[in-house]
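Take a look at the structure set out below.
Values in this text are rule-based calculations from the coordinates and carry no lab data. Remember, predicted model here, so these are calculated numbers, not experimental data. Note that we place each Cβ from the backbone using ideal geometry, even for glycine, and neighbour counts take in every protein chain shown.
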Amino acid sequence: MNKIIVASKNPVKIESTRSAFTKMFSNQVFEIEGMSVESGVSDQPMGEEETLLGATNRVNNVSLLSPEADYWVGIEGGSKVVGQGMETFAWVVIKSKKGVVSQGRTASFYLPKEIVALIKQGKELGEADDIVFKRRNSKQANGAVGILTGDILTRADYYETAIILALIPFKNPKLY
């Protein structure tokens with residue numbers, strides 16, 4: 001059995017990790033646990049570099065707390081100003097006990113103007129979603145992507161694809 005530690009207690013991140021590993025390695029059994037750790041970046045990371053750094057810091061921090069694991073997974077959502085709008089996305093970093101580190105990134109999408117205004121005022125995306133869409137704790141449910149697509153694409157689906165992409169080197173170790 002392989003032990004995976006997700007650097008978050010967010011059930012969406014844990015479930016998307018479980019689903020991605022199970023799809024990529026269907027002949028293996030996984031024990032997955034979430035642990036809260038610091039990202040070392042702002043609550044709402046802005047830009048690719050800060051967001052990737054947050055995911056990397058999460059993986060490094062959780063690997064120190066739980067060194068017996070086989071894999072550590074860090075997922076960090078961020079936003080960036082593009083032209084007149086703002087995109088949101090997430091970076092995934094996966095580290096194995098063998099020291100292999102890989103990254104994957106979600107697709108990005110533009111946020112509604114009202115949410116952008118709240119983020120520019122210092123709100124986190126999840127908090128802005130809750131205000132605009134009159135929800136509670138949407139970041140541990142369907143998130144902005146689920147709300148805006150009518151759950152055609154859920155937050156778990158959104159993360160799962162990026163985790164699968166980050167797992168490619170682990171599935172094909174002879175090529176990497």
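Observations, loosely collected:
- Read-out P(r) over Cα pairs in 5 Å bins from 0, in percent, derived from the coordinates shown; its label in (1) 1, 8, 18, 22, 23, 18, 8, 1, 0; (2) 1, 9, 18, 22, 21, 14, 8, 5, 2, 0; (3) 1, 8, 15, 19, 17, 13, 8, 5, 4, 3, 3, 2, 1, 0, 0: (2)
- Within the chain, longest stretch clear of exposed trypsin sites (Lys or Arg not before Pro) (DSSP loop, no more than 13 other Cβ within 10 Å): 10-97
- Pairwise FRET efficiency - Glu87 versus Lys23, Cβ, R0 = 22 Å, nearest 0.05: 0.25
- Pairwise label distance in nanometres, Lys120 with Met35, each label 7 Å out on the Cα-Cβ vector: 4.0 nm
- Ranking of Thr22, Thr56, Thr51 by count of other Cβ atoms within 10 Å, fewest first: Thr22, Thr56, Thr51
- Backbone N atoms of the range 72-112 closer than 15 Å to the 7 Å Cα→Cβ label point of Ile152 belong to residues 109-110.
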